[in-house]
């Protein structure tokens, strides 16, 4: 049984009181998944996440008994973020979040670093396909732009 099933996670829109927990999940998961990008880059982005990126997106959290385990952020048709607390990854939380995001839009696009092979495989398993290759202007890392069409 997956974590998402056994802990009866519920999804709801993010509230202002959730901000610190969401930022902690984002930072810790980013540091783990993007080991090829200097850690300082992620620490420097925290305030931009708080003041710009989260407020302009439609953000949903997965929680159980008031504990948030992951979140996703949609900005128009772009999945701008999807992150699960590192110790809870691989247990269905990300799939639950992504399935919910896919119900919100008939088409979604996202970018994923080419070196982040686990996330790339995750998106492929969930019906995304590569649309093009590009370079992230902030890190210089190569990434895939992926799309999902219902």
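The values are calculated or read from the model by the stated rules, or taken from the named source; none is laboratory data. Keep in mind that what you see is a predicted model, and the values were worked out from it rather than measured. Here the Cβ is made from the backbone with ideal geometry for all residues, glycine too, and neighbour counts use every protein chain on show.
Residue-wise test of (1) surrounded by 15 or more Cβ atoms within 10 Å (Cβ to Cβ); (2) closer than 25 Å to residue 121 by Cα.
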residue	(1), (2)
32	no, yes
37	yes, yes
45	yes, no
52	no, no
55	no, no
71	yes, yes
84	yes, yes
87	no, yes
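Whenever a residue of region 1-29 is surrounded by fewer than 11 Cβ atoms within 10 Å (Cβ to Cβ), its partners that are at pLDDT below 95 and not in a helix (DSSP H, G or I), lying with C-beta atoms within less than 7 angstrom and at least six residues away or across chains, give the pairs 8/64. Just one of the numbered conditions (1) within 19 Å of residue 32 (Cβ to Cβ); (2) at pLDDT 95 or above is not true of residue 91: (2). Of the residues making up region 57-87, just one is at pLDDT below 95 and either touching a strand residue (DSSP E or B) at 6+ places or on another chain (Cβ under 9 Å) or within 18 Å of residue 148 (Cβ to Cβ) (or both), namely 64.
Would you check if there is a residue in region 32-48 being more than 15 Å from the chain's Cα centre (by Cα) and more than 25 Å from residue 116 (Cα to Cα)? Checked region 32-48: no residue is more than 15 Å from the chain's Cα centre (by Cα) and more than 25 Å from residue 116 (Cα to Cα).
Scanning region 44-71 for residues that are without any contact (Cβ under 8 Å) to a residue 24 or more places away in the chain and either in contact with a helix residue (DSSP H, G or I) (Cβ under 7 Å, 6 or more places away or on another chain) or assigned to a strand (DSSP E or B) (or both) yields 46, 67.
Would you mind finding the one in 100, 126, 75 that is surrounded by 13 or more Cβ atoms within 10 Å (Cβ to Cβ) and in contact with a helix residue (DSSP H, G or I) (Cβ under 7 Å, 6 or more places away or on another chain)? Walk me through how you get there before you give the answer.
Working: 100 fails: in contact with a helix residue (DSSP H, G or I) (Cβ under 7 Å, 6 or more places away or on another chain); 75 fails: in contact with a helix residue (DSSP H, G or I) (Cβ under 7 Å, 6 or more places away or on another chain).
Every option except 126 fails the conditions.
So in region 72-122, with the set limited to residues that are more than 23 Å from residue 15 (Cα to Cα) and in a strand (DSSP E or B), which one is farthest from the chain's Cα centre (by Cα)? So, considering only residues that are more than 23 Å from residue 15 (Cα to Cα) and in a strand (DSSP E or B), the one farthest from the chain's Cα centre (by Cα) is 107.
Could you tell me whether residue 37 is within 21 Å of residue 145 (Cα to Cα) and touching a residue at least 60 places away in the same chain (Cβ under 8 Å)? Walk me through it before giving the result.
Numbers: within 21 Å of residue 145 (Cα to Cα): yes; touching a residue at least 60 places away in the same chain (Cβ under 8 Å): yes.
Criteria met by residue 37.
What do you reckon, is residue 41 within 16 Å of residue 136 (Cβ to Cβ) and out of contact with any strand residue (DSSP E or B) (no Cβ under 9 Å at 6 or more places or on another chain)? Lay out the reasoning, then the answer.
Numbers: within 16 Å of residue 136 (Cβ to Cβ): yes; out of contact with any strand residue (DSSP E or B) (no Cβ under 9 Å at 6 or more places or on another chain): yes.
Against the criterion (within 16 Å of residue 136 (Cβ to Cβ) and out of contact with any strand residue (DSSP E or B) (no Cβ under 9 Å at 6 or more places or on another chain)), residue 41 qualifies.
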